[in-house]
1. Would you please state the base-10 log of I(q)/I(0) at q = 0.08 1/Å for the protein assembly as shown, with intensities from the Debye formula using one equal scatterer on every alpha carbon?
2. Top to bottom by accessible area (1.4 Å), largest first, where do B:240, B:157 land?
3. From the phi angles alone, apply the Karplus equation (6.51, -1.76, 1.60; θ = phi - 60°) to segment A:150-159 and give each ³J(HN,Hα) in whole Hz, x where the residue is Gly or Pro.
4. Would you mind getting me the FRET efficiency between residue A:130 and residue B:97? Use the beta-carbon distance for r and R0 = 60 Å, nearest 0.05.
5. Summarise the accessible area of segment B:100-165 (1.4 Å probe, protein heavy atoms) by the percent that is carbon and sulfur.
6. Given an 8 Å cut-off on Cα distances and at least 6 residues of separation, report the relative contact order of segment B:129-198 as a percent.
7. Where in segment B:27-65 does accessible area fall by at least 10 Å² between the isolated chain and the complete protein assembly, at a 1.4 Å probe radius?
8. Calculate the mean, over all residues of peptide A:450-458, of how many other protein chain Cβ atoms lie within 10 angstrom of the residue's Cβ.
Amino acid sequence: MAGAPKSNQISAVAKTLDPAAMAKDLLFTAILSLVILGPIVGLKTVPATGSLALEQRWGTVLVLVGIVVVGRLIFHLIAARRPASRAKAAKPAGPGVDVGKYLAPILLIIALALPFIASLAPSQERRLVDLAILMMTYVMLGWGLNVVVGLAGLLDLGYVAFYAVGAYSYALLSTRYLPQWFGDGILPWAFFVTLPIAGMLAALWGLILGFPVLRLRGDYLAIVTLAFGEIIRIILTNWINFTGGPAGIDAIPRPWFFGHPFDDSANGFAALFGIESKPIQRIIYLYYIILALALVTNFVTMKLRRLPIGRAWEALREDEIACRSLGINTTNTKLTAFAIGAMFAGFAGSFFATRQGFISPESFNFMESATILAIVVLGGLGSQIGVVAAAIVIVGFFEVFREMNFLKEILPEGTDPVQFRMLAVGGAMVMIMRWRPRGLITRRDPTVYLKEKKAVPTELVAQGHG
Amino acid sequence: MAAGGQPLLKVEHLTMRFGGLTAVADLSFEAAGTDITALIGPNGAGKTTVFNCITGFYKPTEGMVTLSHPDGQPFLLERMDDFRISHWAKVARTFQNIRLFAGMTVLENLMVAQHNTLMLASGFTIAGIFNNRGYKRANREAIDLCRYWLDKIGLLDRADDPAGELPYGGQRRLEIARAMCTKPLLLCLDEPAAGLNPRESEELNQLLLDIREEHQIALLLIEHDMSVVMGISDHIVVLDYGVKISDGPPAMVRNDPAVIRAYLGVEDEEEAEGVIAGGQP
């Protein structure tokens, strides 16, 4: 906080280390932090009998202001020692190394072998595989959103709506409609029958969202997509006859292994292979389903990038008017981006429903959209491997905080470290955006080349129209 | 005039108003099959507005813009969407402030220009996902076309570099090549020589003449650089305040008193005679 307003003027003052100027700056810092912290920290409402009472905590305010001023002082001293030029920050980062080339195969092998790695630690096995499933779900959602935001450059803040459409499609079809239409015999296959339907329905909703927003750009597009996400959630909450309202839908069938359930029955998965039935087998099966779905998402996206449609998406991100001058139907191009992105979210949504066994509108709030978008942006727009890295970082961060019991010792009575996770994630994001403003992976691989594949430095790549 | 009778491009009574401002007033001219037509005029004369009307970026307030293909099929450009004009009527354009896809490579820029051909070959993506043979062949042909144009504009060595890293002259040439990759019948160039040095201008002249010779297309260009205009155009249309003040071969336009007045200015009493009557700023 102390170092936030790094204007050139102030750092110039710091470099000469003029005590008078520095004292003035510190005084200013103190006043500013007093103004900001005074009302927020200094005054606290506490419930008193029949009304609210004000508790004054000026001591805490003074301590915090002291911390800010000391921090500012340290910043000045450090800034004074640094060489005068700030050229380092201004220098373009260049195309960067091709991390994906080496990292991708390693990550793939780890991903494939993960359940076996996890089984080495039997006490933690369930937790590890669950965490891997969660990460993989976000990787898949990130890859799906990458089509819309990273390639086509259309900022979509309501991506979770399509995730919800996919989840509810699976939940409603498998619990209500499929048994009604085809009898209970369909249940072993329900997941695989419903998956494509859920994807198609989500894609349809992608088109429905796409039409009204075709002419919108930047902030306006962001607002409308945000509203769309909320509309879907509110409909799910209020259309009680159809969706079950806030109570959600439970008893959603789990996927079966090609007609064999995961239980100790004679027809079960364990009996089929002649092994002992354990609950973990179903979790591992779920893990491989999401891994396969995510890999399909990645494969299709990478393939589409090299097809004319993918190139048109990227061209659209670069310059829409030039696209139109070249005869590209930008309407269709945008709609396909929305629809394909939505379709992947629909697949992920079905998976989410079958994994949880219970869904309610609560699961599809704006925070989910924000998390997925954060994964795409942190990873580096358009970078597939970046999405993986960012998903691991963000989801991992959330989970790590659940485990930090030692923090309870340090923190004041009654504070749960879990409550600090958003703060920590926010801080991490500020850091990453400060040092890697274009995301973790900043290179764009060309889709076609004549002689030599050279990466395009991200400085040249447009970020889309918002 | 083309042998077939119908000129390639026929602009009739084109008027474009923005609120109370008349940018182009009742402009009519024609461009024949393989002519190089230059549209010149002082700054703010409405040249780019005419371009935007022909290429569909603006819908004209009044008037008719007809493009007749050699097979006799007419296209009423004033009624078509901009991307359909490029796709079906075969009119390509470049922009005054270069609009390349800066974050894509030079080769990719030219591939994007062949979007519609490749899209069809990839079965609108569905067959393309499975690498169908037709798409592979179309892709090879597309790359060959790119290679041809890159060779022509002297950027073959830089095919795999980002378009945004090219020097200015290279970007201008690439934009022309990109427009040509859509296989147009009419190529509209908005100030192609702007910012080029005399040697580059000379090369540009040669490139434009080559394009006309080898591809038998018509060129319509807006240009301030008189060495380009006088050097290569067959036909010049002069605009001033949205009104056509002269129209004819370079030798005629060069000596037209109205043009000289518009460019060099006139004494007050002469202007009072109403040289630029009808137009308004």
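The values are calculated or read from the model by the stated rules, or taken from the named source; none is laboratory data. Since the structure is predicted, the reported quantities are computational estimates derived from the model, not experimental observations. Glycine gets a Cβ as well: all are built from the backbone with ideal geometry, and neighbour counts include every protein chain shown. These accessible areas exclude ligands, DNA and RNA; they are computed on the full protein's heavy atoms, side chains included. Shrake-Rupley method; radii C 1.70, N 1.55, O 1.52, S 1.80 Å.
1. One equal scatterer on each Cα of the protein assembly as shown leads to -0.84.
2. B:157, B:240
3. x, 8, 7, x, 9, 6, 10, 9, x, 4
4. With R0 = 60 Å, the Cβ-Cβ based efficiency is 0.65.
5. For segment B:100-165, the apolar C and S fraction of the accessible surface comes to 53 percent.
6. The normalised contact order for segment B:129-198 reaches 28 percent.
7. Buried-area filter returns B:57.
8. Mean shielding count: 5.
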